[in-house]
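Visitor: There's a structure below that I have some questions on.
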Amino acid sequence: MPLVIAVDGPAASGKGTIARALARHFGLPHLDTGALYRAVALAALRAGVGLEDARALAPLAAALDLARLDDPALRDRAAAEAASRVSAVPEVRAALFRLQRAFAAQPRGAVLDGRDIGTVIAPDAPAKLFVTAAPEVRAGRRAAELRAAGLDVDDGEVLADILARDRRDSERAAAPLVRAADADLLDTTDLDIDAAVRRAIELVSARLGQSF
Ligand code: DC
């Protein structure tokens, strides 16, 4: 079985940074699956397609190019918000399912981070983390990131965005954000990024046993 590491969790929990660090540590390719939903959302916004219009969204999702996920606009607040909406459309999830499964099936293995990697995309992954942190802490981190990028942000608005996305991602019918029964919980509320990465490596190494 390829070595697949599934990293799930809510917005700004630190899962992306942790997943990248795990990929470096274990020498595996990494896929930020949130970027796929953001790319579909951005394509829809640019094409004037409705964010609930399953019939128009599905071909946009099917045409996505994994090599072109570096558009800075993917990181915008508008793209995040729209991504959370298109990700509730089952036809979009179905189109992206194939891409993610193919990435996970590489012979060497892979690290994928998202919301449903351990539950839907790679339920047999030998190592799964569910990364979380208190909403206020996640909002503080996201606000600091946005300020560092030169944006003028209001802490209250960032927290409201995070809570709205948590609610939408957790309450949708299609593959909601939920911890897999066999995922290790990593709460980063009181951890800085170095400590969180160290803990993630420990947890994954323990799951993989002596083979790595
Ligand atoms: O991780 P992120 O903030 O870049 O994700 C953007 C949105 O995409 C998020 O609000 C929910 C959705 N998403 C998803 O539904 N399933 C995934 N595996 C990854 C992201």
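Visitor: Would you please list the contacts, defined by Cβ atoms under 7 Å and residues six or more apart or on different chains, that run from a residue in region 86-103 that is under 12 Å from V120 (Cα atoms) to a residue that is surrounded by fewer than 22 Cβ atoms within 10 Å (Cβ to Cβ)?
Guide: Between residues of region 86-103 that are under 12 Å from V120 (Cα atoms) and residues that are surrounded by fewer than 22 Cβ atoms within 10 Å (Cβ to Cβ), the close pairs are R93/A174; R93/A175.
Visitor: Where residues in region 19-41 are touching a strand residue (DSSP E or B) at 6+ places or on another chain (Cβ under 9 Å) and away from the ligand (no atom under 12 Å from the Cβ), which of them is nearest to P135 (Cα to Cα)?
Guide: R20
Visitor: Collect the residues in region 116-150 that are modelled with pLDDT of 95 or more and basic (K, R), keeping them in residue-number order.
Guide: Correct list: K128, R138.
Visitor: Oh, and also: Evaluate the following for L42: is it over 12 Å from I5 (Cα atoms) and assigned to a helix (DSSP H, G or I)?
Guide: On the way: over 12 Å from I5 (Cα atoms): yes; assigned to a helix (DSSP H, G or I): yes.
Yes; evaluated as a whole, the condition is true for this residue.
Visitor: Can you tell me which residue among L159, L177 is in contact with a Gly (Cβ under 9 Å, 6 or more places away or on another chain) and under 20 Å from T33 (Cα atoms)?
Guide: L177
Visitor: Exactly one condition in (1) surrounded by 15 or more Cβ atoms within 10 Å (Cβ to Cβ); (2) more than 10 Å from the ligand (Cβ to nearest atom); (3) over 23 Å from L186 (Cα atoms) is false for R138; which is it?
Guide: (3)
Visitor: Cβ-Cβ below 6 Å, separation at least six or inter-chain, first residue in region 22-47 and under 14 Å from G114 (Cβ atoms), second within 10 Å of the ligand (Cβ to nearest atom) and among the polar types (S, T, N, Q): which pairs?
Guide: Cβ pairs passing all conditions: T33/Q100; Y37/S87.
Visitor: Within region 57-82, which residues are over 15 Å from the mean Cα position of the chain (by Cα), aliphatic (A, V, I, L, M) and in a helix (DSSP H, G or I)?
Guide: L57, A58, L60, A61, A62, A67, A73, A78
Visitor: List every residue pair whose Cβ atoms sit under 8 Å apart, with the two residues 6 or more apart in sequence or on different chains, where the first one lies in region 1-20 and is at negative phi and acidic (D, E) and the second, anywhere, is near the ligand (Cβ under 8 Å from one of its atoms) and assigned to a loop (DSSP other than H, G, I, E, B).
Guide: Final answer for the pair search is D8/R115; D8/D116; D8/L177.
Visitor: Can you confirm whether I201 is among the hydrophobic types (A, V, I, L, M, F, W, C), touching a Gly at 6+ places or on another chain (Cβ under 8 Å) and touching a residue at least 24 places away in the same chain (Cβ under 8 Å)?
Guide: no
Visitor: Also: Taking region 172-211 on its own, how many of its residues are outside any helix (DSSP H, G or I), in contact with a strand residue (DSSP E or B) (Cβ under 8 Å, 6 or more places away or on another chain) and aliphatic (A, V, I, L, M)?
Guide: Count: 5.
Visitor: Residues that are of a type outside the set (V, I, T) and assigned to a loop (DSSP other than H, G, I, E, B): does region 94-102 have at least one?
Guide: Within region 94-102, none of the residues are of a type outside the set (V, I, T) and assigned to a loop (DSSP other than H, G, I, E, B).
The values are calculated or read from the model by the stated rules, or taken from the named source; none is laboratory data. Computed from a predicted structure; not experimentally measured. In this analysis, Cβ positions are derived from the backbone assuming ideal geometry, glycine residues included, and neighbour counts consider all displayed protein chains.
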